[in-house]
Amino acid sequence: MTPIQLLQRPTEPASALPALAEVIGVAGLRVPDDMTVEVALSVMAGAHVEHLLVCDKDEQFTSSITRAQLLVVRDSSAYTDRVRLRDLLGAGRPPGVLVLSP
């Protein structure tokens, strides 16, 4: 099993501007966008949460994703075990928009 590193929310903000997650009122477990769907589902099950906050390589919040959304993707005919959260959320899309190409 591959070890994962969960991103911790800093106790002090890095800048005077609030993080996107704070602006839209989202709180939750932060995970990197290179996490696979299967690992994300396992983390959610272990942490007993229904959504995850997805962060980029700079640990900045980019989107959130729910267990229900991940289950839809996993049950898709286009799904493989290599699909990562960043593949679903993609750059340039509004937060929360899932795209899985066939």
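The values are calculated or read from the model by the stated rules, or taken from the named source; none is laboratory data. Computed from a predicted structure; not experimentally measured. Here Cβ is always computed from backbone atoms with ideal geometry, including for glycine, and neighbour counts include all displayed protein chains.
What pairs come up if the first residue lies in segment 48-62 and is closer than 15 Å to E38 by Cα, the second is in a loop (DSSP other than H, G, I, E, B) and at pLDDT below 95, and their beta carbons are under 6 Å apart, counting only those six or more places apart or on different chains?
Correct list of pairs: H51/G28; V54/D33.
Can you work out which of the residues in segment 34-55 that are surrounded by fewer than 16 Cβ atoms within 10 Å (Cβ to Cβ) and closer than 14 Å to L88 by Cα is farthest from the chain's Cα centre (by Cα)?
Step by step, filter segment 34-55, then rank; the result is E38.
Return the pairs, sorted by first residue and then second, in which the second residue is loosely packed, with under 15 Cβ neighbours inside 10 Å, the first residue lies in segment 64-85 and is in a loop (DSSP other than H, G, I, E, B), the beta carbons are less than 7 Å apart, and the residues are 6+ apart or on different chains.
A78/S101; A78/P102; D81/E38
Being out of contact with any Pro (no Cβ under 9 Å at 6 or more places or on another chain) and modelled with pLDDT of 55 or more is true for just one of V23, V99, V54. Which residue is that? Before the answer, list the steps.
On the way: V23 fails: modelled with pLDDT of 55 or more; V54 fails: out of contact with any Pro (no Cβ under 9 Å at 6 or more places or on another chain).
Unique residue meeting the criteria: V99.
Given the conditions (1) modelled with pLDDT of 90 or more; (2) surrounded by 12 or more Cβ atoms within 10 Å (Cβ to Cβ); (3) under 12 Å from the mean Cα position of the chain (by Cα), report the number of the one that F61 does not fulfil.
Here F61 clears every test but (1).
Could you grab me the full set of residues in segment 41-52 that are more than 17 Å from D87 (Cβ to Cβ) and in contact with a helix residue (DSSP H, G or I) (Cβ under 9 Å, 6 or more places away or on another chain)?
Within segment 41-52, M44, A45, V49, E50, H51 qualify.
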